[in-house]
Every structure is written in C-alpha cells, then in structure tokens.
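See below for the structure under consideration.
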Amino acid sequence: MASVCKVHLVGNVGQDPEVRYSAAGKPIANATLATTSRRKDKNGDLMENTEWHRLTFFDKLAEIVGEYVKKGALIYVEGSVKYGKFVNKDGIEVQTTTINCHEMTLLRRPEVKEQKPKYEGLPMDDEEIPF
C-alpha cells in the first residue's frame with residue numbers, strides 16, 4: 001500500500017525569508033511560520049497556543065518566496081515533513097522538523113503602517129506660501 005506524507009498549513013510568516021544558493025546554483029529559501037489555535041478552558045477563558053514551523057522552498061518557488069513574502073504575511077503552504085538531526089557546538093544531538101514546501105499561496109500581505117509626514121506645520125493658504 002502507498003503512503004502519503006502531506007502537510008497543509010495556514011499561518012503568519014515570522015521573519016523575512018532567507019534565500020541562499022546551493023553549490024549547483026539552485027535557490028533555496030528558508031522561513032518560519034506561526035500557526036495559532038484557540039480554545040476555551042474549563043473556566044471559559046480563551047486559550048491560545050502558537051506553534052512555529054520551519055519551512056524550506058526550492059527552485060523557482062524559493063525565488064518567488066524571497067521576492068514576495070515578507071514578515072507578517074499570511075500564507076498557505078503545502079508540503080512534506082522532513083525529520084533530521086545534527087550535533088550542536090556543545091556536542092548535543094538536536095532533532096529537527098522541517099516542512100519541504102511544494103506549494104505556496106500568499107493570502108494577505110503584511111500591513112504597512114502609514115508614516116507621518118516629517119513636517120507637521122499648520123495648514124497654509126495659497127496666499128501664505130512664500131513663493
């Protein structure tokens with residue numbers, strides 16, 4: 001019987017994606033994604049739980065993510081789970097879980113706060129303009 005390892009996530013990007021290139025010159029992008037679940041506890045208080053996911057994108061999708069996805073963006077990703085491990089600088093073995101993304105849809109760009117004008121003087125009539 002065949003098996004399936006597929007993940008679907010919708011969440012907010014935690015940082016601007018980092019794009020790098022493999023030795024063969026192929027683009028690879030890494031980002032983090034926050035997914036938050038909400039529920040009420042036995043007292044009726046709202047509880048939130050945020051999980052962070054490591055995402056990896058390859059080839060053309062990596063270039064698109066690097067160009068259009070920014071911190072705070074709401075995205076949908078589809079991919080497969082990749083488990084790994086490495087030994088850190090202290091000699092401790094660390095387990096990793098990464099989502100190798102095959103699909104990505106930008107659902108909402110991050111909100112950009114309006115910048116206030118540098119000069120906030122009093123409004124002037126056309127007759128008061130000195131030139």
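The values are calculated or read from the model by the stated rules, or taken from the named source; none is laboratory data. It should be emphasised that the depicted structure is a prediction, and the values quoted were computed from it without experimental measurement. Note: accessible area is taken over every heavy atom of the protein model, side chains too, but ligands, DNA and RNA are not part of it. Shrake-Rupley method; radii C 1.70, N 1.55, O 1.52, S 1.80 Å.
So the values come out like this:
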{"quantity": "Extension gain from R109 to I28, taking 0.36 nm per residue of separation minus the Cα-Cα distance", "calculated": "27.0 nm"}
{"quantity": "Extension reserve of the F86-R38 stretch, reckoned as 0.36 nm per residue once the Cα distance is removed", "calculated": "14.0 nm"}
{"quantity": "Quotient of Cα Rg and 2.2 N^0.38 Å for the range 1-95, N being how many residues it contains", "calculated": "1.35"}
{"quantity": "Solvent exposure ordering (accessible area, 1.4 Å, most first) of K89, K6", "calculated": "K89, K6"}
{"quantity": "Over the range 53-109: Kirkwood hydrodynamic radius from C-alpha pairwise inverse distances, Å", "calculated": "12.8 Å"}
{"quantity": "Accessible solvent surface per residue of the range 6-59, calculated while the other protein chains remain in place, 1.4 angstrom probe, Å²", "calculated": "69 Å²"}
